[in-house]
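The values are calculated or read from the model by the stated rules, or taken from the named source; none is laboratory data. Remember, predicted model here, so these are calculated numbers, not experimental data. Don't worry about glycine lacking a Cβ; one is built from the backbone with ideal geometry, like all the others, and counts go over all protein chains shown. Heads up: the accessible areas ignore ligands, DNA and RNA and are worked out on the full protein's heavy atoms, side chains in. Shrake-Rupley method; radii C 1.70, N 1.55, O 1.52, S 1.80 Å.
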Amino acid sequence: MCADFTRIRRFLAEREPPTPCLVVDTDVVAARAAGFGAAFPGALIRYAVKANPAPPVLDALVAAGIGFDVAGPAELALCLGRGADPAEIAYGNPIKKPRDIAFAFERGVREFTSDAPADVDHLARYAPGSAVSIRVLLDAPDSATPFGRKFGCAPAEALDLVLRAAAHGLRPGIAFHVGSQQPDVTAWEIGIATAAKLFGEAAAHGVGMTRLNLGGGFPTTHRTAVPSLAAYASAIAAALDTSFPSGRPELLLEPGRVLVADAGLLRTEVVLVAQRDDRRWVYLDIGRYNGLAEAENEAIAYRFEPVDTRGGPDGPVVLAGPTCDGDDVLYQRTPYRLPLALRSGDRLDVPGTGAYTASYASVGFNGIEPLRTHCLGRWGDA
Ligand SMILES: *Cc1c(COP(=O)(O)O)cnc(C)c1O
(Lines give C-alpha, C1' and ligand atoms only; values in the text may rest on other atoms or scores of the structure.)
Protein backbone atom coordinates (compact mmCIF):
# COMPACT_ATOMS: atom_id res chain seq x y z
CA MET A 1 0.00 0.00 0.00
CA CYS A 2 1.38 3.36 -1.00
CA ALA A 3 1.17 6.02 1.66
CA ASP A 4 -0.40 9.36 0.79
CA PHE A 5 0.61 12.34 2.89
CA THR A 6 -1.60 14.95 1.20
CA ARG A 7 -3.72 15.71 4.24
CA ILE A 8 -0.66 15.99 6.49
CA ARG A 9 1.09 18.33 4.04
CA ARG A 10 -2.04 20.48 3.84
CA PHE A 11 -2.11 20.74 7.65
CA LEU A 12 1.56 21.79 7.65
CA ALA A 13 0.98 24.39 4.92
CA GLU A 14 -2.03 25.89 6.71
CA ARG A 15 -0.79 25.82 10.29
CA GLU A 16 2.98 26.07 9.90
CA PRO A 17 3.74 24.55 13.32
CA PRO A 18 7.29 25.08 14.60
CA THR A 19 9.79 22.48 13.45
CA PRO A 20 10.78 19.83 14.06
CA CYS A 21 7.41 18.17 14.42
CA LEU A 22 5.69 14.93 13.61
CA VAL A 23 2.19 14.88 12.16
CA VAL A 24 0.22 11.63 12.42
CA ASP A 25 -3.06 10.88 10.66
CA THR A 26 -5.13 8.70 13.00
CA ASP A 27 -7.48 7.71 10.16
CA VAL A 28 -4.50 6.08 8.45
CA VAL A 29 -3.65 4.25 11.69
CA ALA A 30 -7.21 2.88 11.84
CA ALA A 31 -7.07 1.86 8.17
CA ARG A 32 -3.72 0.11 8.68
CA ALA A 33 -5.11 -1.76 11.67
CA ALA A 34 -8.10 -2.92 9.64
CA GLY A 35 -5.82 -4.00 6.80
CA PHE A 36 -3.55 -5.90 9.15
CA GLY A 37 -6.49 -7.69 10.75
CA ALA A 38 -7.81 -8.67 7.32
CA ALA A 39 -4.40 -10.09 6.34
CA PHE A 40 -4.31 -12.32 9.45
CA PRO A 41 -7.91 -13.38 10.06
CA GLY A 42 -8.49 -14.96 13.46
CA ALA A 43 -5.15 -13.82 14.93
CA LEU A 44 -5.08 -11.84 18.17
CA ILE A 45 -3.41 -8.53 17.37
CA ARG A 46 -1.45 -6.69 20.05
CA TYR A 47 0.01 -3.35 18.90
CA ALA A 48 3.54 -2.77 20.28
CA VAL A 49 2.94 0.53 22.08
CA LYS A 50 6.59 1.61 22.02
CA ALA A 51 6.32 2.28 18.27
CA ASN A 52 4.09 5.30 18.91
CA PRO A 53 2.31 5.80 22.24
CA ALA A 54 0.53 9.08 21.34
CA PRO A 55 -2.93 8.92 22.98
CA PRO A 56 -4.82 9.65 19.71
CA VAL A 57 -2.96 6.76 18.05
CA LEU A 58 -4.01 4.46 20.88
CA ASP A 59 -7.59 5.77 20.63
CA ALA A 60 -7.71 4.88 16.92
CA LEU A 61 -6.45 1.38 17.69
CA VAL A 62 -8.87 0.83 20.59
CA ALA A 63 -11.68 1.83 18.19
CA ALA A 64 -10.30 -0.63 15.60
CA GLY A 65 -10.54 -3.43 18.18
CA ILE A 66 -6.79 -3.96 18.43
CA GLY A 67 -5.17 -5.08 21.70
CA PHE A 68 -1.82 -3.87 23.01
CA ASP A 69 1.65 -5.23 23.71
CA VAL A 70 3.12 -3.28 26.61
CA ALA A 71 6.66 -3.24 27.98
CA GLY A 72 5.91 -2.08 31.51
CA PRO A 73 3.52 -0.40 33.95
CA ALA A 74 3.60 3.05 32.34
CA GLU A 75 2.56 1.77 28.90
CA LEU A 76 -0.05 -0.43 30.56
CA ALA A 77 -1.55 2.47 32.51
CA LEU A 78 -1.55 4.58 29.36
CA CYS A 79 -3.50 1.94 27.41
CA LEU A 80 -5.98 1.37 30.22
CA GLY A 81 -6.47 5.13 30.43
CA ARG A 82 -7.48 5.13 26.76
CA GLY A 83 -10.08 2.43 27.38
CA ALA A 84 -8.16 -0.69 26.35
CA ASP A 85 -9.49 -3.97 27.72
CA PRO A 86 -6.87 -5.59 30.01
CA ALA A 87 -7.92 -8.99 28.66
CA GLU A 88 -6.52 -7.83 25.31
CA ILE A 89 -3.22 -6.56 26.67
CA ALA A 90 -0.06 -8.67 26.54
CA TYR A 91 2.95 -7.87 28.72
CA GLY A 92 5.51 -8.79 26.09
CA ASN A 93 8.72 -7.65 27.76
CA PRO A 94 10.70 -10.59 29.17
CA ILE A 95 12.68 -8.15 31.35
CA LYS A 96 10.43 -7.07 34.22
CA LYS A 97 10.38 -6.59 37.96
CA PRO A 98 8.21 -8.74 40.20
CA ARG A 99 6.31 -5.64 41.34
CA ASP A 100 5.59 -4.71 37.72
CA ILE A 101 4.21 -8.20 37.10
CA ALA A 102 1.98 -7.79 40.16
CA PHE A 103 0.87 -4.34 38.95
CA ALA A 104 -0.19 -5.81 35.60
CA PHE A 105 -1.90 -8.84 37.13
CA GLU A 106 -3.88 -6.67 39.55
CA ARG A 107 -5.17 -4.70 36.58
CA GLY A 108 -6.33 -7.79 34.73
CA VAL A 109 -3.43 -8.65 32.43
CA ARG A 110 -3.19 -12.44 31.93
CA GLU A 111 -0.81 -12.72 28.97
CA PHE A 112 2.96 -12.53 29.43
CA THR A 113 6.19 -13.43 27.66
CA SER A 114 9.18 -14.95 29.42
CA ASP A 115 12.58 -16.35 28.54
CA ALA A 116 14.32 -17.23 31.81
CA PRO A 117 13.63 -19.51 34.78
CA ALA A 118 13.68 -16.71 37.37
CA ASP A 119 11.09 -14.73 35.42
CA VAL A 120 8.85 -17.81 35.00
CA ASP A 121 9.02 -18.23 38.78
CA HIS A 122 8.09 -14.57 39.29
CA LEU A 123 5.12 -14.99 36.96
CA ALA A 124 3.97 -18.11 38.84
CA ARG A 125 4.02 -16.14 42.05
CA TYR A 126 2.71 -12.73 40.95
CA ALA A 127 0.52 -13.64 37.95
CA PRO A 128 -0.80 -17.10 38.85
CA GLY A 129 -2.61 -19.04 36.15
CA SER A 130 -1.63 -16.60 33.39
CA ALA A 131 -0.73 -17.47 29.83
CA VAL A 132 3.01 -17.22 29.33
CA SER A 133 4.72 -17.47 25.96
CA ILE A 134 8.28 -18.73 26.19
CA ARG A 135 10.39 -16.60 23.86
CA VAL A 136 12.90 -18.56 21.83
CA LEU A 137 16.00 -17.05 20.21
CA LEU A 138 16.39 -18.15 16.61
CA ASP A 139 18.73 -17.52 13.75
CA ALA A 140 16.26 -15.55 11.65
CA PRO A 141 17.45 -13.76 8.51
CA ASP A 142 18.92 -10.32 9.25
CA SER A 143 16.49 -7.50 9.85
CA ALA A 144 17.32 -3.80 9.68
CA THR A 145 17.18 -3.42 13.46
CA PRO A 146 17.82 -6.88 14.96
CA PHE A 147 17.42 -7.67 18.66
CA GLY A 148 20.86 -9.32 18.84
CA ARG A 149 21.16 -11.87 21.62
CA LYS A 150 19.38 -9.86 24.28
CA PHE A 151 16.11 -11.81 24.25
CA GLY A 152 15.01 -15.40 24.02
CA CYS A 153 16.23 -18.70 25.42
CA ALA A 154 18.02 -21.28 23.29
CA PRO A 155 15.55 -23.69 21.63
CA ALA A 156 17.13 -26.49 23.71
CA GLU A 157 16.19 -24.68 26.95
CA ALA A 158 12.67 -23.82 25.83
CA LEU A 159 11.12 -27.17 26.71
CA ASP A 160 12.41 -26.92 30.28
CA LEU A 161 10.84 -23.48 30.61
CA VAL A 162 7.55 -24.69 29.13
CA LEU A 163 7.43 -27.59 31.58
CA ARG A 164 8.47 -25.33 34.45
CA ALA A 165 5.65 -22.90 33.61
CA ALA A 166 3.10 -25.72 33.35
CA ALA A 167 4.26 -27.26 36.63
CA HIS A 168 3.64 -23.85 38.26
CA GLY A 169 0.09 -23.71 36.92
CA LEU A 170 0.86 -21.20 34.16
CA ARG A 171 -0.45 -21.80 30.63
CA PRO A 172 2.62 -22.04 28.38
CA GLY A 173 2.90 -21.14 24.70
CA ILE A 174 5.79 -20.21 22.40
CA ALA A 175 6.94 -16.80 21.16
CA PHE A 176 9.68 -15.57 18.87
CA HIS A 177 10.54 -12.31 17.13
CA VAL A 178 12.29 -12.01 13.80
CA GLY A 179 13.74 -8.53 14.44
CA SER A 180 12.23 -5.23 13.41
CA GLN A 181 11.94 -4.02 9.79
CA GLN A 182 12.33 -7.58 8.51
CA PRO A 183 12.64 -7.55 4.72
CA ASP A 184 12.46 -11.35 4.23
CA VAL A 185 8.91 -12.74 4.05
CA THR A 186 10.18 -16.24 4.89
CA ALA A 187 11.84 -15.09 8.14
CA TRP A 188 9.10 -16.67 10.29
CA GLU A 189 9.59 -20.19 8.85
CA ILE A 190 12.33 -21.34 11.24
CA GLY A 191 10.45 -20.05 14.27
CA ILE A 192 7.20 -21.70 13.25
CA ALA A 193 8.98 -25.02 12.64
CA THR A 194 10.81 -24.73 15.98
CA ALA A 195 7.53 -23.95 17.73
CA ALA A 196 5.82 -26.96 16.16
CA LYS A 197 8.62 -29.20 17.43
CA LEU A 198 8.25 -27.74 20.93
CA PHE A 199 4.46 -28.18 20.84
CA GLY A 200 5.07 -31.87 20.06
CA GLU A 201 7.69 -32.33 22.77
CA ALA A 202 5.51 -30.63 25.38
CA ALA A 203 2.56 -32.82 24.41
CA ALA A 204 4.79 -35.89 24.91
CA HIS A 205 5.24 -34.62 28.49
CA GLY A 206 1.51 -34.20 28.89
CA VAL A 207 1.52 -30.42 28.44
CA GLY A 208 -0.83 -29.13 25.76
CA MET A 209 0.07 -25.77 24.25
CA THR A 210 -2.35 -23.70 22.19
CA ARG A 211 -0.79 -20.29 21.72
CA LEU A 212 1.93 -19.14 19.29
CA ASN A 213 3.16 -15.56 19.40
CA LEU A 214 4.78 -14.52 16.10
CA GLY A 215 5.95 -11.12 17.37
CA GLY A 216 6.28 -8.13 15.05
CA GLY A 217 8.86 -7.20 12.43
CA PHE A 218 6.58 -6.30 9.51
CA PRO A 219 8.41 -3.54 7.66
CA THR A 220 7.56 -0.22 6.09
CA THR A 221 8.85 1.38 2.92
CA HIS A 222 11.45 4.13 3.18
CA ARG A 223 13.93 4.42 0.32
CA THR A 224 13.62 0.83 -0.81
CA ALA A 225 10.28 -0.88 -1.35
CA VAL A 226 9.43 -3.79 0.94
CA PRO A 227 7.18 -6.78 0.13
CA SER A 228 3.45 -6.33 0.64
CA LEU A 229 1.72 -7.37 3.83
CA ALA A 230 -0.14 -9.97 1.75
CA ALA A 231 3.20 -11.55 0.82
CA TYR A 232 4.12 -11.86 4.52
CA ALA A 233 0.69 -13.25 5.38
CA SER A 234 0.86 -15.92 2.70
CA ALA A 235 4.44 -16.96 3.58
CA ILE A 236 3.40 -17.27 7.24
CA ALA A 237 0.24 -19.19 6.33
CA ALA A 238 2.28 -21.60 4.21
CA ALA A 239 4.78 -22.16 7.05
CA LEU A 240 1.93 -22.83 9.49
CA ASP A 241 0.33 -25.34 7.11
CA THR A 242 3.67 -27.15 6.74
CA SER A 243 4.57 -27.21 10.43
CA PHE A 244 1.11 -27.64 11.94
CA PRO A 245 -0.60 -29.98 9.44
CA SER A 246 -3.28 -31.09 11.91
CA GLY A 247 -4.43 -27.61 12.81
CA ARG A 248 -3.00 -24.19 13.54
CA PRO A 249 -2.36 -22.91 17.03
CA GLU A 250 -4.05 -19.74 18.19
CA LEU A 251 -1.91 -16.89 16.82
CA LEU A 252 -0.82 -13.72 18.51
CA LEU A 253 0.83 -10.95 16.49
CA GLU A 254 2.59 -7.86 17.86
CA PRO A 255 2.92 -5.40 14.98
CA GLY A 256 4.39 -2.00 15.79
CA ARG A 257 5.99 -0.16 12.89
CA VAL A 258 3.67 -1.45 10.17
CA LEU A 259 0.57 0.04 11.81
CA VAL A 260 1.89 3.55 12.37
CA ALA A 261 4.98 4.40 10.27
CA ASP A 262 3.08 5.37 7.13
CA ALA A 263 0.58 7.39 9.15
CA GLY A 264 3.25 9.95 10.02
CA LEU A 265 5.38 12.59 8.39
CA LEU A 266 8.03 14.65 10.11
CA ARG A 267 8.97 18.18 9.08
CA THR A 268 12.45 19.52 9.77
CA GLU A 269 14.32 22.73 9.01
CA VAL A 270 17.85 23.15 7.73
CA VAL A 271 19.94 24.83 10.44
CA LEU A 272 23.22 25.10 8.56
CA VAL A 273 24.88 24.03 5.35
CA ALA A 274 28.68 23.89 5.44
CA GLN A 275 31.44 22.58 3.24
CA ARG A 276 33.93 20.44 5.20
CA ASP A 277 36.85 19.12 3.15
CA ASP A 278 35.19 17.75 0.08
CA ARG A 279 31.79 17.04 1.61
CA ARG A 280 28.70 19.22 1.99
CA TRP A 281 27.25 18.87 5.48
CA VAL A 282 23.59 19.64 6.01
CA TYR A 283 22.65 20.12 9.67
CA LEU A 284 18.96 19.68 10.46
CA ASP A 285 16.89 20.59 13.51
CA ILE A 286 16.11 16.86 13.87
CA GLY A 287 18.78 14.35 14.82
CA ARG A 288 19.35 11.10 16.62
CA TYR A 289 18.33 12.49 20.01
CA ASN A 290 15.07 14.23 19.15
CA GLY A 291 13.37 11.77 16.83
CA LEU A 292 15.62 9.96 14.38
CA ALA A 293 17.17 7.43 16.79
CA GLU A 294 16.72 4.70 14.21
CA ALA A 295 19.34 6.37 12.03
CA GLU A 296 21.85 4.78 14.44
CA ASN A 297 24.27 2.72 12.35
CA GLU A 298 22.30 4.14 9.41
CA ALA A 299 19.96 1.16 9.94
CA ILE A 300 16.85 2.94 8.76
CA ALA A 301 17.45 5.24 5.79
CA TYR A 302 14.59 7.73 5.69
CA ARG A 303 13.51 9.78 2.69
CA PHE A 304 14.21 13.52 2.85
CA GLU A 305 12.06 15.61 0.53
CA PRO A 306 12.70 19.35 0.06
CA VAL A 307 9.59 21.46 0.69
CA ASP A 308 10.99 24.71 -0.66
CA THR A 309 12.22 23.83 -4.11
CA ARG A 310 14.11 26.47 -5.99
CA GLY A 311 15.06 24.11 -8.77
CA GLY A 312 18.60 23.63 -9.97
CA PRO A 313 20.90 20.64 -9.69
CA ASP A 314 21.43 18.52 -6.60
CA GLY A 315 24.57 17.01 -5.12
CA PRO A 316 25.75 14.64 -2.40
CA VAL A 317 25.37 15.53 1.27
CA VAL A 318 26.18 14.28 4.74
CA LEU A 319 23.14 14.68 7.01
CA ALA A 320 23.59 15.53 10.68
CA GLY A 321 21.52 16.52 13.71
CA PRO A 322 21.60 19.77 15.68
CA THR A 323 23.17 18.74 19.01
CA CYS A 324 26.71 19.12 20.33
CA ASP A 325 27.25 15.35 20.27
CA GLY A 326 29.72 13.96 17.76
CA ASP A 327 27.56 10.88 17.29
CA ASP A 328 24.57 12.98 16.28
CA VAL A 329 25.26 12.33 12.59
CA LEU A 330 22.44 10.76 10.61
CA TYR A 331 24.02 9.58 7.35
CA GLN A 332 27.62 9.77 6.22
CA ARG A 333 27.90 6.43 4.40
CA THR A 334 24.41 6.09 2.93
CA PRO A 335 24.37 8.24 -0.21
CA TYR A 336 21.95 11.17 -0.09
CA ARG A 337 21.54 14.03 -2.57
CA LEU A 338 19.87 17.38 -1.95
CA PRO A 339 19.60 20.57 -4.03
CA LEU A 340 22.83 22.58 -4.23
CA ALA A 341 20.69 25.69 -3.55
CA LEU A 342 19.60 24.31 -0.15
CA ARG A 343 20.24 26.80 2.66
CA SER A 344 19.44 27.62 6.29
CA GLY A 345 15.71 27.92 6.93
CA ASP A 346 14.69 25.57 4.10
CA ARG A 347 12.43 22.76 5.16
CA LEU A 348 12.48 19.04 4.45
CA ASP A 349 9.76 16.45 4.89
CA VAL A 350 10.58 12.99 6.18
CA PRO A 351 7.63 10.74 5.29
CA GLY A 352 6.89 7.38 6.87
CA THR A 353 8.08 8.47 10.32
CA GLY A 354 5.06 7.58 12.48
CA ALA A 355 6.98 4.77 14.22
CA TYR A 356 9.96 4.88 16.58
CA THR A 357 10.50 8.64 16.29
CA ALA A 358 8.66 10.68 18.94
CA SER A 359 8.82 7.76 21.38
CA TYR A 360 12.62 7.68 21.09
CA ALA A 361 13.22 11.41 21.59
CA SER A 362 15.24 12.48 24.64
CA VAL A 363 13.59 14.66 27.26
CA GLY A 364 15.89 17.59 26.65
CA PHE A 365 19.43 16.79 25.56
CA ASN A 366 21.08 20.17 24.81
CA GLY A 367 17.79 21.76 25.86
CA ILE A 368 16.01 20.44 22.80
CA GLU A 369 12.48 19.41 23.66
CA PRO A 370 11.01 16.01 22.77
CA LEU A 371 9.57 15.77 19.28
CA ARG A 372 6.11 17.37 19.16
CA THR A 373 3.34 15.26 17.67
CA HIS A 374 0.20 16.70 16.07
CA CYS A 375 -2.52 14.15 15.40
CA LEU A 376 -5.09 14.60 12.63
CA GLY A 377 -8.22 12.71 11.68
CA ARG A 378 -11.12 11.29 13.64
CA TRP A 379 -9.13 10.67 16.82
CA GLY A 380 -6.86 13.68 16.34
CA ASP A 381 -5.98 16.51 18.71
CA ALA A 382 -4.68 19.09 16.25
C1 LIG B 1 9.18 -3.84 19.50
C2 LIG B 1 8.45 -5.12 19.63
C3 LIG B 1 7.46 -5.45 18.71
C4 LIG B 1 7.14 -4.61 17.50
O5 LIG B 1 8.09 -4.74 16.49
P6 LIG B 1 7.86 -4.09 15.07
O7 LIG B 1 9.08 -4.46 14.34
O8 LIG B 1 7.70 -2.63 15.24
O9 LIG B 1 6.64 -4.71 14.48
C10 LIG B 1 6.74 -6.60 18.94
N11 LIG B 1 6.98 -7.40 19.98
C12 LIG B 1 7.95 -7.12 20.88
C13 LIG B 1 8.17 -8.04 22.01
C14 LIG B 1 8.71 -5.98 20.73
O15 LIG B 1 9.67 -5.71 21.62
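A full extension of the chain between CYS324 and ALA167 corresponds to an added length of 51.1 nm, given 0.36 nm per residue minus the alpha carbon distance.
Please report the relative contact order for the chain, taking Cα pairs under 8 Å with a sequence separation of at least 6, and give it as a percent rounded to a whole number. Write out the running numbers ahead of the final one.
On the way: 838 pairs, mean separation 78.7, N = 382.
Result for the chain is 21 percent.
In a simple Cβ point-charge model (Lys, Arg +1; Asp, Glu -1; nothing else charged), the stretch 228-382 has a dipole of about 320 debye relative to its Cα centre. About its Cα centre, the dipole of the chain is roughly 240 debye, where the only charges are +1 on Lys and Arg Cβ and -1 on Asp and Glu Cβ.
Antiparallel as a % of all DSSP beta bridges within the chain, to the nearest 5? Show your work: numbers first, answer last.
Values: 24 of 57 bridges.
Looking only at bridges with both residues in the chain, the antiparallel portion is about 40 percent.
Around the Cα centre of the stretch 320-382, unit charges on the Cβ atoms of Lys, Arg, Asp and Glu (plus for the first two, minus for the last two) sum to a dipole of about 280 debye.
With n ≥ 4 as the cut-off for DSSP H runs, can you work out [θ] at 222 nm for the chain, using -39500 (n - 2.57) per run divided by the number of residues, rounded to the nearest 500?
Details: 10 runs with 109 residues, N = 382.
One gets -8500 deg cm²/dmol as the mean residue ellipticity at 222 nm.
Cα centroid separation, the stretch 112-148 to the stretch 278-312: 36 Å.
To put it simply, the accessible area of the stretch 133-280 at a 1.4 Å probe is 52 percent carbon and sulfur.
How much accessible area per residue does the stretch 26-260 have, in Å², with a 1.4 Å probe? Could the numbers behind the result be given before it?
Values: 9070 Å² over 235 residues.
Per residue, the stretch 26-260 has 39 Å² of solvent-accessible surface.
Taking every pair of alpha-carbon atoms in the stretch 26-260, what share in percent sits in each 10 Å bin, from 0 to the bin with the longest distance? Taking every Cα pair in the stretch 26-260, the percentages come to 8, 34, 38, 18, 1. Think of the chain as having a plus end and a minus end, set by charges on the Cβ of Lys, Arg, Asp and Glu; of ALA358, LEU44, GLY191, LEU44 sits farthest toward the positive end of this dipole.
Using the heavy atoms of the protein chains and a 1.4 angstrom probe, tell me the accessible area per residue for the stretch 262-376 in square angstrom.
Details: 4980 Å² over 115 residues.
Here the residues of the stretch 262-376 average 43 Å² of exposed surface.
Here's the picture: charge each Lys and Arg Cβ at +1 and each Asp and Glu Cβ at -1 in the stretch 26-260, and of PRO117, ALA74, VAL62 the one pushed furthest to the positive end of that dipole is ALA74.
Considering only PRO141, PRO53, ALA31, and ranking their Cα positions along the charge dipole of the stretch 26-260 that arises from unit charges at the beta-carbon of Lys, Arg, Asp and Glu, the one farthest toward the positive end is PRO53.
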